[in-house]
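Okay, structure first, notes after.
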Amino acid sequence: MNRRQMLTGLGGAALAAGPARAVDKPFWLSPQLPAGTREEATLEALPGKQKLIRLTDRPPNYETPIESFRTPITPNDEFFVRYHLADIPLMDQLNGWSLTVGGDAAERQVTLSLDDLRGFEQMEVAAVCQCSGNRRGLSTPHVPGVEWGYGAMGNAVWRGPRLKDVLAKAGVKAGAAEVWLNGADGPVLPTTPDFLKSLPMDKAMADEVIVATMMNGQPLPHLNGYPARIVVPGWTATYWMKHVTGIQVSSKPLENFWVKAAYRVPAGMFPVDRPFPTQDNEKTWPITEMVVNSVIADPVGGARLTAAGFTIEGVAWDRGHGIRQVEVSLDGGKSWKPAALGKDLGRFAFRAFSFPTGRIEAGNYVLSSRATNNAGETQVDTLKFNPAGYHNNVPQQIPVTVA
Amino acid sequence: MFRYLALALLSAAPALADEPTLKPGPGRDVVQASCATCHTLSYIRMNSVFLTPDVWKAEVAKMRTAFGAPIDDSAADTIVKYLSETYATAPKS
């Protein structure tokens, strides 16, 4: 019996037995998601995780429920899970883990253990890890891909050595163009390209970029990259290589599907501080820096509230300038009032915000939030549509009723 | 794959035994056998119903050329036809 027959056979067996599992639906899902996504989304707990919103289980793509964003640090067991390819090493297979650092623009090749990584100076950074495709499912028109709602993101305190200190062990030669990153997870079929990504040298050498072994004071969860992942504050999560096993300093730009075809935005549509010249072309740029954004975690759409009032709560973030202001609206964006900002956890972190309404008249309201960063950038009024559904920072429209 | 299978057995949902059911239609068996080799069929249901037949065709082409799926021309035609008839919206006129 080959693999296909086995799959078909198992599917048949499951059908014959009949689905017995009760379906556990999320507390809230955006009505803007495709109908099929809303039907598919189910709450389910992976090993070591609370129940997250399962979109797919092979490979696993599970998003964090919106109510988790009432606090600026996302607990490890509520942190989203995202894989492109389904061959994921188990924990016991990662116990002999080592990291090879070399490449044609390195002086030498070195192999580092987890203890070796812990021997470097340890840095800590609170940073938002957000999938490039977060909110793809809200794109108008819809575009193909994993149809994420709001929860393909989280904020954690990451700890580990600076990438530049790790690179120094191998020695960076003049003429280095990019740092190539590989992880232990891979494709089911040998014909599928392995997932590798690259960073431009100046970002790779930036102080904030680390090889994290700790997340919120604990070892990385298995499905968030145990035992070590690259943390690239300010940039979308496609660069945050999980289970990182290979770091190559290269004199040449990386060329594969994941950098040349995927993860790209129309050139110039989303301005960045730090370009990626070795991967830019006339028509498209790689997606890199996040856009200023915010999410209201509470109340959710359809909530029924009382005249005693309620507090609008959520988080805001950007690409590393830090959040200057968050405003909220109760009339769908016609008028705005400033929200109170929570503690500043650093320029790459979630910034909590809250707005207590006080006593409020009965009626229908539409809640929105709008963040502005320290560079003066504000969330857009209308979607900057792009074919992969990236960088959607249109304020939410959350209908609630006060009765 | 076998490594992930082991992972799935640890979780509440064994991946393959729980493979979702696709809508009936000609070619469904080819779709299930071809697509489920690398990923759950949830990808199809999640991406519905909003893609046009042309976009489904492009997705199948991407699976073959970019992801190296071993699907021959005949199977690809069957898959595109099935997806276009069961999980697609009408093409824009």
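Coordinate-derived values only; no laboratory data. A quick note: this is a predicted structure, and the numbers were derived from the prediction, not measured. Cβ coordinates were reconstructed from backbone atoms using ideal geometry, including for glycine residues, and neighbour counts include every protein chain displayed.
Sort B:V49, A:V231 so the one with the fewest other Cβ atoms within 10 Å of its own Cβ comes first.
Listed from fewest to most nearby Cβ atoms, that is B:V49, A:V231.
Can you give me the C-alpha center-to-center distance between the stretch B:54-93 and the stretch A:94-139, rounded to a whole angstrom?
Cα centroid to Cα centroid, the span is 36 Å.
Enumerate the calculated ³J(HN,Hα) couplings along the stretch A:390-397 in order (Karplus 6.51 cos²θ - 1.76 cosθ + 1.60, θ = phi - 60°), each rounded to whole Hz, writing x wherever the residue is Gly or Pro.
8, 6, 7, 10, 6, x, 5, 10
Taking chain A as a Gaussian network, Cα atoms linked when under 10 Å apart, which of A:A105, A:A35, A:A126 shows the biggest mean-square fluctuation?
The residue that fluctuates most here is A:A35.
Which FRET efficiency value, to the nearest 0.05, is calculated for A:D104 and A:E282 with the Förster distance at 35 angstrom and r the Cβ-Cβ distance?
The formula returns an efficiency of 0.80 here.
What FRET efficiency do you get for A:D273 and B:A58 if R0 is 30 Å and r is their Cβ-Cβ distance, rounded to the nearest 0.05?
0.35
Could you line up A:D298, A:D280 from fewest to most neighbouring Cβ atoms inside 10 Å?
So the residues, fewest neighbours to most, are A:D280, A:D298.
Please compute the modelled spin-label separation between B:T65 and A:Q218, points set 7 Å along Cα→Cβ, answer in nm with one decimal.
4.4 nm
Per residue of the stretch A:361-372, in order, report the coupling 6.51 cos²θ - 1.76 cosθ + 1.60 (Karplus, θ = phi - 60°) as ³J(HN,Hα) in whole Hz, putting x for Gly and Pro.
Result, rounded to whole Hz: 6, 4, x, 9, 10, 10, 8, 9, 10, 8, 9, 10.
Based on DSSP H runs of at least 4 residues, each adding -39500 (n - 2.57), what is the mean residue ellipticity at 222 nm of chain A after dividing by all its residues, to the nearest 500 deg cm²/dmol?
Theoretical 222 nm ellipticity from helices: -3000 deg cm²/dmol.
Of A:K173/A:K260; A:K51/A:K334; A:K51/A:K169, which sit over 32 Å apart, Cα to Cα?
Pairs exceeding 32 Å: A:K51/A:K334; A:K51/A:K169.
Would you calculate the separation in nanometres between label points at A:E121 and A:I73, each defined as 7 Å from the Cα along the Cα-to-beta-carbon direction?
Going by the 7 Å Cα→Cβ label model, 2.4 nm.
Leaving out same-chain residues fewer than 8 places away, which lysines sit with a Cα under 17 Å from that of A:K384?
Straight-distance partners of A:K384: A:K283.
Taking the dipole about the Cα centre of the stretch B:23-93, with the C-beta of Lys and Arg at +1 and of Asp and Glu at -1, give me whichever of B:T89, B:T37, B:T78 is farthest to the positive side.
After comparing all options, I get B:T89.
Each residue of the stretch A:327-333 in order: what ³J(HN,Hα) in whole Hz does its phi give by Karplus 6.51 cos²θ - 1.76 cosθ + 1.60, θ = phi - 60°, with x for Gly and Pro?
10, 10, 10, 10, 10, x, x
Anyone know which of A:S98, A:S113, A:S354 comes out most mobile in the 10 Å Cα GNM of chain A?
A:S113
Lys/Arg Cβ at +1, Asp/Glu Cβ at -1, dipole of chain A taken about the Cα centre: which of A:S368, A:A206, A:I323 is farthest positive-ward?
A:S368
Any chance you could check the Cα centroid distance between the stretch A:301-342 and the stretch A:180-251 for me, in angstrom?
A separation of 33 Å, based on Cα centres.
Calculate the FRET efficiency for A:R359 and A:K334 from the Cβ-Cβ distance with a Förster distance of 22 Å, rounded to the nearest 0.05.
0.55
Of A:Y83, A:V402, A:N182, which is farthest towards the positive pole of chain A's charge dipole, taken about the Cα centre with +1 and -1 on the beta-carbons of Lys, Arg and Asp, Glu respectively?
Farthest along the dipole direction, towards plus: A:V402.
Most fluctuating residue of A:F350, A:F195, A:F80 in a GNM of chain A with Cα springs under 10 Å: which is it?
A:F195
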